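First comes the structure, then the notes that go with it.
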């Protein structure tokens, strides 16, 4: 069974990210994915002495975070758009690690008044810099797919986009498994 980790990137009080992440989890085919939600509210601000590129993690929370990312077969990042970009906790989480992101298939699901298009575009740049394999993104739009309070009524078009992202992640995992087996 492939391991899909869904990252909740907002840590604000009253956030709706966990609701969006749970909805995304329900979209993942249960015969293909074992899903785990990862909540960044438990990851402190970067506090390692050595550079992440060296992989010399000293703190237990860093070792745990590195293990969660490394052991995943694919990741979905659920992110709101704050001030035309993604929130600081996801940048912090990315900055903690380096090698663990290399070739990791990642999909982005944003949410906000404009569907978080700026946030997912910016996040794609950061993830590609650490050599992650971003397969694509979509965005849930307030009042069309989701309410500002987090009540989901996702359009068929958006559901299809999320299904396509999950399928793309599955294809990447299959491709990676073929390369490592061959």
TODO: Collect the residues in segment 127-136 that are closer than 17 Å to residue 90 by Cα and surrounded by 17 or more Cβ atoms within 10 Å (Cβ to Cβ), keeping them in residue-number order.
DONE: 127, 130, 132, 133, 134
Open item on the list: Looking for something assigned to a loop (DSSP other than H, G, I, E, B), surrounded by fewer than 21 Cβ atoms within 10 Å (Cβ to Cβ), touching a helix residue (DSSP H, G or I) at 6+ places or on another chain (Cβ under 9 Å) and modelled with pLDDT under 95 - is there at least one such residue anywhere in segment 31-50?
Closed with: yes
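Kindly evaluate residue 89 against the criterion of being out of contact with any strand residue (DSSP E or B) (no Cβ under 8 Å at 6 or more places or on another chain), within 17 Å of residue 37 (Cα to Cα) and in contact (Cβ under 8 Å) with a residue 40 or more places away in the chain. Walk me through how you get there before you give the answer.
Values: out of contact with any strand residue (DSSP E or B) (no Cβ under 8 Å at 6 or more places or on another chain): yes; within 17 Å of residue 37 (Cα to Cα): yes; in contact (Cβ under 8 Å) with a residue 40 or more places away in the chain: yes.
Spelling it out, residue 89 is indeed out of contact with any strand residue (DSSP E or B) (no Cβ under 8 Å at 6 or more places or on another chain), within 17 Å of residue 37 (Cα to Cα) and in contact (Cβ under 8 Å) with a residue 40 or more places away in the chain.
Does segment 56-74 include one or more residues that are touching a helix residue (DSSP H, G or I) at 6+ places or on another chain (Cβ under 7 Å) and within 25 Å of residue 145 (Cα to Cα)? Show your work before the answer.
Just the residues of segment 56-74 that are touching a helix residue (DSSP H, G or I) at 6+ places or on another chain (Cβ under 7 Å), to begin with: 57, 62, 65-66, 69-70, 73-74.
Now drop any that are not within 25 Å of residue 145 (Cα to Cα), which leaves 74.
There is at least one residue in segment 56-74 that is touching a helix residue (DSSP H, G or I) at 6+ places or on another chain (Cβ under 7 Å) and within 25 Å of residue 145 (Cα to Cα).
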Open item on the list: I'd like to verify a number: residues in segment 137-151 that are surrounded by fewer than 17 Cβ atoms within 10 Å (Cβ to Cβ) and in contact with a strand residue (DSSP E or B) (Cβ under 6 Å, 6 or more places away or on another chain), how many?
Closed with: 1
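If a residue must be touching a residue at least 40 places away in the same chain (Cβ under 8 Å) and either under 29 Å from residue 172 (Cα atoms) or under 15 Å from the mean Cα position of the chain (by Cα) (or both), how many such residues does segment 17-50 contain? Spell out how you get there, then give the answer.
Start the filter on segment 17-50 by keeping residues that are touching a residue at least 40 places away in the same chain (Cβ under 8 Å), which leaves 17, 19-21, 23-24, 27-29, 32-33, 40-41, 43, 45-46, 48.
After this cut, where a residue has to be either under 29 Å from residue 172 (Cα atoms) or under 15 Å from the mean Cα position of the chain (by Cα) (or both) as well, the list is 17, 19-21, 23-24, 27-29, 32-33, 40-41, 43.
Here the count works out to 14.
In segment 93-103, is there at least one residue being touching a strand residue (DSSP E or B) at 6+ places or on another chain (Cβ under 8 Å) and closer than 30 Å to residue 50 by Cα? Don't jump to the end; show me each part of the working.
Let us first name the residues in segment 93-103 that are touching a strand residue (DSSP E or B) at 6+ places or on another chain (Cβ under 8 Å), namely 93, 103.
Checking which are closer than 30 Å to residue 50 by Cα leaves us with 93, 103.
Looking through segment 93-103, at least one residue is touching a strand residue (DSSP E or B) at 6+ places or on another chain (Cβ under 8 Å) and closer than 30 Å to residue 50 by Cα.
Given the criterion assigned to a helix (DSSP H, G or I) and either within 18 Å of the chain's Cα centre (by Cα) or surrounded by fewer than 19 Cβ atoms within 10 Å (Cβ to Cβ) (or both), identify the matching residue among 58, 93, 107.
From the options 58, 93, 107, the qualifying one is 93.
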- [ ] Kindly indicate the residue of segment 110-136 that is assigned to a loop (DSSP other than H, G, I, E, B) and in contact with a strand residue (DSSP E or B) (Cβ under 6 Å, 6 or more places away or on another chain) and also farthest from residue 28 (Cα to Cα) among those meeting that condition.
- [x] 113
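The values are calculated or read from the model by the stated rules, or taken from the named source; none is laboratory data. Just so you know, these numbers come straight off a predicted model, no measurement behind them. Glycine also receives a Cβ, built like all others from the backbone with ideal geometry; neighbour counts cover every protein chain displayed.
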